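Here is the structure we will look at, set down as structure tokens.
The values are calculated or read from the model by the stated rules, or taken from the named source; none is laboratory data. Predicted model, so just to flag it, every value in this text is computed and none were measured. We place every Cβ from the backbone using ideal geometry, glycine too, and count neighbours over all the protein chains shown. Protein only, heavy atoms only, side chains kept; ligands, DNA and RNA dropped before computing areas. Shrake-Rupley method; radii C 1.70, N 1.55, O 1.52, S 1.80 Å.
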Amino acid sequence: MVIILTLAAANVVDAAGVNRLGGVGPRAAGMSGAYMAISDDASAFYYNPAGLSRTKGGYAFVGVESITPEFSYQLPSILGGFSENSKNGVIYSFPLIGVSHSVGDYFSIGLGINSPYGLGAKFKGDASHGFPQTENFIGLTDFTPAVSFRPADNFFFGLSANIGYGSLKSKAPFSVGGQVSGISDSRANGWGIGGTLGFIWQASEKVDIGFSYRTKTKVSLEGDTKFTTVIPGLTEDNFQSSFVFPARLTSGVAIWPAEKWLLAFDANWYDYSGVRSLDIDYKKLPDEKQMLDWKNNYSLHFGAEYHLFEKIFLRAGTGYQSSAAPDETVSSLTPDVSGWDMTFGLGYQWDNFSFDGSYIYAWGNREVGLAADRVAPGEYEAKIGSFALGLSYNF
């Protein structure tokens, strides 16, 4: 008996593989993620740990980011032109927490919690046109101890360990002998470890340059699949798998062209060379392999901040991300598209407190033509919104 499971549907994410759109953290997100050369708040644990040394004394931050994805897929007209849409009102929330403290004049240490990768989608399905109902998610939450060192007045160096907790969820049809025979509901989680190295150079009073490299994080996953089916004896099975979250190489520049203005630009390169397939090793059932063959991709981000009043900051930005899934493996279960984002943010400071909020709107589309080696030709579209709020305190 051959059982084909669509567990690879758990890779339903936004444009660019599993990359987060826009930015991580409300101030950074308000500037579309152009934050590498700034990194002076809890977002430093994601962007560049070198920035921890820019905060003197103690610092604490707590925040949350919520993402609302919408996807659509339409078959080519020659195949009927039918379409399906993801469910409305689906929200995925991610924490952002950070604490740091300077040690003497040259060192700072800290611990952060952030979610560098992850998103998912729920499709309503349309049985009359052959579209299944699916629910999928894959994500990574990092626990990040970090240290920053300032060997000179204009140079900051940082290093962090990224202790990642990965989670995978999938609810999708499965087939036996080419016939859909029920629903599989899979859950898995596990741990992996990586690291980030970064520096910031204050090239002049008005120009900062930043650089960081984040290693890959391979998460070993263990979980179980429960089946809803009429097949006798098939109720559940345990499995092992793994997923490689990509390495990231980033460079950025921050410029203060006038007293109240801050401009920033970042360029990111993501190494997806480790994402070739999703291998499912079952305890009882035959092992499965879903080809992904994701490609390296990139993103570009530009952001601005304006000090409007004494305590109020306005932010805006735009960015672009290229897709990672090739035409051969992209499908309605992995609707990866290249896309743009526009971002807006607001900051308010009083005494030692800061409150920041941001909104990101991202969109993209893609057309995959008919070919023998393409599993799901058609038109794909993504519309994604993201809200972030955070409160920080310097002590």
Scanning segment 316-331 for residues that are buried (at least 24 other Cβ atoms within 10 Å of the Cβ) and either in contact with a helix residue (DSSP H, G or I) (Cβ under 9 Å, 6 or more places away or on another chain) or without any contact (Cβ under 8 Å) to a residue 60 or more places away in the chain (or both) gives GLY317, ALA325, VAL330
When every residue in segment 191-205 that is open to solvent by 20 Å² or more (accessible area, probe 1.4 Å) and in contact with an Asp or Glu (Cβ under 8 Å, 6 or more places away or on another chain) is compared, the one nearest to THR141 (Cα to Cα) is TRP201
Note on segment 50-62: residues under 12 Å from PHE107 (Cα atoms) and surrounded by 24 or more Cβ atoms within 10 Å (Cβ to Cβ) are ALA50, GLY51, LEU52, SER53
Of those in segment 373-386 that are hydrophobic (A, V, I, L, M, F, W, C) and more than 17 Å from ARG20 (Cβ to Cβ), the residue surrounded by the fewest Cβ atoms within 10 Å (Cβ to Cβ) is VAL375
**OP:** Assess whether GLY364 counts as being within 24 Å of ALA267 (Cα to Cα), open to solvent by less than 10 Å² (accessible area, probe 1.4 Å) and touching a residue at least 40 places away in the same chain (Cβ under 8 Å).
**Re:** yes
Being outside any strand (DSSP E or B), among the aliphatic types (A, V, I, L, M) and open to solvent by 60 Å² or more (accessible area, probe 1.4 Å) narrows LEU346, LEU389, LEU370 down to just LEU370
Inside segment 269-279, the number of residues satisfying the requirement of being open to solvent by 20 Å² or more (accessible area, probe 1.4 Å) and in a strand (DSSP E or B) is 4
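Rundown of residues vs (1) touching a His at 6+ places or on another chain (Cβ under 6 Å); (2) closer than 19 Å to SER32 by Cβ; (3) crowded, with 17+ Cβ neighbours inside 10 Å, yes/no style:
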residue	(1), (2), (3)
SER212	no, yes, yes
VAL219	no, no, yes
GLY223	no, no, yes
PHE239	no, no, yes
PHE245	no, no, yes
ALA254	no, yes, yes
GLU259	no, no, no
ALA267	no, yes, no
Restricted to segment 287-307 and to residues being in a strand (DSSP E or B) and more than 18 Å from GLN321 (Cα to Cα), the residue most open to solvent (accessible area, probe 1.4 Å) is LYS289
If we keep only residues of segment 84-100 that are open to solvent by 60 Å² or more (accessible area, probe 1.4 Å), closer than 22 Å to ALA121 by Cα and at pLDDT 85 or above, then the residue nearest to the chain's Cα centre (by Cα) is SER93
PHE123 meets each of (1) modelled with pLDDT under 95; (2) surrounded by fewer than 24 Cβ atoms within 10 Å (Cβ to Cβ) with one exception, condition (2)
